[in-house]
Every structure is written in C-alpha cells, then in structure tokens.
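Data first, discussion second: the structure below is written as structure tokens.
The values are calculated or read from the model by the stated rules, or taken from the named source; none is laboratory data. The shown structure was predicted, so the numbers you read here are calculated from the model rather than taken from an experiment. As a convention, Cβ positions derive from the backbone with ideal geometry for all residues, glycine included, and neighbour counts pool all protein chains shown. SASA here: full protein model, heavy atoms, side chains in, ligands and nucleic acids out. Shrake-Rupley method; radii C 1.70, N 1.55, O 1.52, S 1.80 Å.
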Amino acid sequence: MSRSFENISTIIFDFDGTIADTLKLGVSVSNSICDRFGYKKISNKKELDIYRNLSTQKAIKAVGISYLKLPIIAHAFRKELAKNIDLLKPIDGIPEVIRELAKSYKLGIVTSNSQANIESFLTRHGMTECFHYFSSGIRLFQKNKTIKSIIKKGNLKKDEVLLVGDETRDIEAASSCGLPIISATWGFHTRAVLEEFHPDEIIDHPSELLQLLINTRT
C-alpha cells in the first residue's frame, strides 16, 4: 500500500541506474573484469534480462560472485568505471526533474559508487548545486546503516524522508529504516521483481516522480 508523500522534505536518491544511466556501461565494465575475479560474463540481452528479474542477492549469486570477494570486485568496478565516466549519461528527464525538486526539497545521494565518480558526473551535467549532501563508497548491502546515520545526524524525521531507487536492495534499505520508497523501472531491476518487494510506488519515467510529489502538495 502506498503512503502519502505530503510530509516529505528530504529525498535521498540512489545513483547508479536511478540518476545515471549505468546499465549498458556497467555491463561493459563488469565484463571487462569478470575473468580477473572468476564470475560469469553477460554475453547478450537475454542473459541480462534473466539477472534483471532476480533480486540483487540472487543476481550476485547467479553470476557467480562470492560475497567474500564482493568488496574487492566493487572497488575494481568503480575504478574501471572512473576511466569511462565521461561516457556516463543521466537518465532521460532526470536532470530537469532534480532541478525542479531542488526548489522545494533537500536532496541527497547515497551510493556504493565513488565520490570522484559522483562529483565528476554531477558537475558535467549541472546538478551539483541541487544536492545538499551525498554519501559514497558504501558497501552494497549497508545502505540502510548510512541512511540511518544521515537521519540521526541531520535530526530528520522518518516520515519526512523519501528514498528513490531502482533495485530491490533499495527497497530493503528503506524498509529497514522505516522510510517510504519510490522504485524506478528505468534502472537495473524490472517492474516484475520490484513489485515482489512491495515499494510504496513504482514509476516508469522521472516525470512521474515530480507528479507524485507535486500532487500530494496541492
């Protein structure tokens, strides 16, 4: 069941797949290091679609990544991504929506990507001034701890904070923190698998995020 967003004052965004269109480039980077770390290469769209319809944990297991190696692989991934950061584009429509939301909300980013990658991307696409803060380089499944820390340090109320993400692990983080979440289908996970985790809302285009939030204030 969806919640009302009328009390929201702070919106925390995931980065990869939610703000930045990392899917195609991410697959390319992942394939470039898979032999080094001994996990499966994603050879075609059919294979990719299989993983996109699995939860984050199941996708990691299916591709053959050991949880023990996950922090090392994530570090290598971020390093390789940085070499191609100039190729990374924002999701169509996201910059305009973020600039509009920044007029009424405090915006933040919580991501496992690196600070250097985030700063470079936001600067190139004119979104740096839109965000009050971002927390980067966190472990894939520790987003909830980072969000809780942000809420505590910022003296924020849970019912005033909204999370926006594209993966099942974002939904799990929101649930752990007691926050509402809007899930986006334009990133890694498909609508089908997102629905299994019961986010408050699922949207197919960034403009819908603006509509949802504006409608609750009018």
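Let's test this: bin the Cα-Cα distances of the chain at 10 Å from zero up to the farthest pair and state each bin's percent.
8, 36, 39, 16, 2, 0
With charges set only on the Cβ (+1 for Lys and Arg, -1 for Asp and Glu), what does the dipole of the range 52-124 come to about its Cα centre, in debye to the nearest 20?
Details: 12 positive and 6 negative charges, 58 e Å.
In debye, rounded to 20, the range 52-124 gives about 280.
Does anyone have the angle between helix 168-177 and the longest principal axis of the chain? Alpha-carbon axes, 0 to 90°, nearest 10?
Tilt relative to the chain: about 50 degrees.
Given contacts defined as C-alpha pairs under 8 Å and at least six residues apart, what's the relative contact order of the range 51-146, whole-number percent?
Details: 72 pairs, mean separation 25.8, N = 96.
Relative contact order for the range 51-146 comes out at 27 percent.
Taking every pair of alpha-carbon atoms in the range 117-172, give the share separated by more than 13 Å as a whole percent.
In whole percent, the share of Cα-Cα pairs in the range 117-172 beyond 13 Å is 69.
Given the options ARG124, ARG99, ARG78, which has the most mean-square fluctuation in a GNM of the chain, springs set between C-alpha atoms less than 10 angstrom apart?
Largest GNM mean-square fluctuation: ARG124.
Averaging over every viewing direction, what projected area does the convex hull of the Cα atoms of the range 36-139 cover, in nm²?
7.8 nm²
What's the carbon and sulfur percent of the chain's accessible surface, probe 1.4 angstrom, rounded to a whole number? Show your work: numbers first, answer last.
Numbers: 5630 of 10910 Å².
Summing carbon and sulfur atoms, their accessible area is 52 percent of the total for the chain.
Where the centre of each part is set by its Cα atoms, how far does the range 92-106 sit from the range 1-79, in angstrom?
So the two Cα centres are separated by 24 Å.
Largest first and in whole Å, what are the equivalent-ellipsoid semi-axes of the range 152-218 based on the Cα gyration tensor, each being the root of 5 times an eigenvalue?
Working: eigenvalues 79, 55, 16 Å².
That gives 20, 17, 9 Å for the three semi-axes.
When Lys and Arg each count +1 and Asp and Glu each count -1, what net charge do the other residues less than 14 Å away from VAL193, Cβ to Cβ, add up to? Don't jump to the answer; show the numbers that get you there.
On the way: positive: ARG52, LYS58, ARG169, ARG191; negative: ASP49, ASP166, GLU167, ASP170, GLU172, GLU195, GLU196.
Once positives and negatives cancel, what remains is -3.
Counting only C-alpha contacts under 8 Å and six or more residues apart, can you give the relative contact order of the chain as a whole percent? Don't skip to the answer; put the middle values down first.
Values: 331 pairs, mean separation 65.5, N = 218.
Computed over the chain, the figure is 30 percent.
Which pairs in the list LYS41/LYS158; LYS79/LYS145; LYS46/LYS106; LYS61/LYS157 are over 32 Å apart, alpha-carbon to alpha-carbon?
LYS41/LYS158; LYS46/LYS106; LYS61/LYS157
So what are the ³J(HN,Hα) numbers for the range 88-97, from phi and the Karplus equation (6.51, -1.76, 1.60; θ = phi - 60°), rounded to whole Hz, Gly and Pro as x?
6, 10, x, 4, 3, x, 5, x, 5, 5
Could you give each residue of the range 51-67 its phi-based ³J(HN,Hα) in whole Hz, using Karplus coefficients 6.51, -1.76, 1.60 with θ = phi - 60°, and x for Gly or Pro?
Running phi through 6.51 cos²θ - 1.76 cosθ + 1.60 with θ = phi - 60° gives 5, 5, 9, 10, 4, 4, 4, 5, 5, 4, 5, 5, 7, x, 8, 6, 5 Hz.
Which of GLY187, GLY108, GLY38 moves most in a GNM of the chain, Cα contacts under 10 Å?
Among GLY187, GLY108, GLY38, the largest mean-square fluctuation in the Gaussian network model of the chain belongs to GLY38.
Assuming 0.36 nm per residue, please report the length gained on full extension of the stretch ALA192 to ILE214 beyond their Cα-Cα distance.
Here the segment from ALA192 to ILE214 would lengthen by 5.3 nm.
Across the range 123-136, in residue order, what do the Karplus-derived ³J(HN,Hα) couplings come to in whole Hz, using 6.51 cos²θ - 1.76 cosθ + 1.60 with θ = phi - 60° and x for Gly and Pro?
Working through the residues one at a time gives 5, 5, 10, x, 10, 4, 6, 6, 10, 7, 6, 8, 10, 10 Hz.
At 7 Å along the Cα-to-beta-carbon direction for both ALA102 and HIS132, put a label point, then send me their distance in nm to one decimal.
1.4 nm
About the Cα centre, and with charges only on the beta carbon of Lys, Arg (+1) and Asp, Glu (-1), how big is the dipole of the chain? Nearest 20 debye, please.
Roughly 900 debye for the chain.
How large is the accessible surface per residue of the range 10-155, computed with a 1.4 Å probe and reported in Å² as a whole number?
Working: 7670 Å² over 146 residues.
Accessible area per residue: 53 Å².
Could you pull the Rg and Dmax for the range 31-97, using just the Cα atoms, both in Å?
14.0, 40
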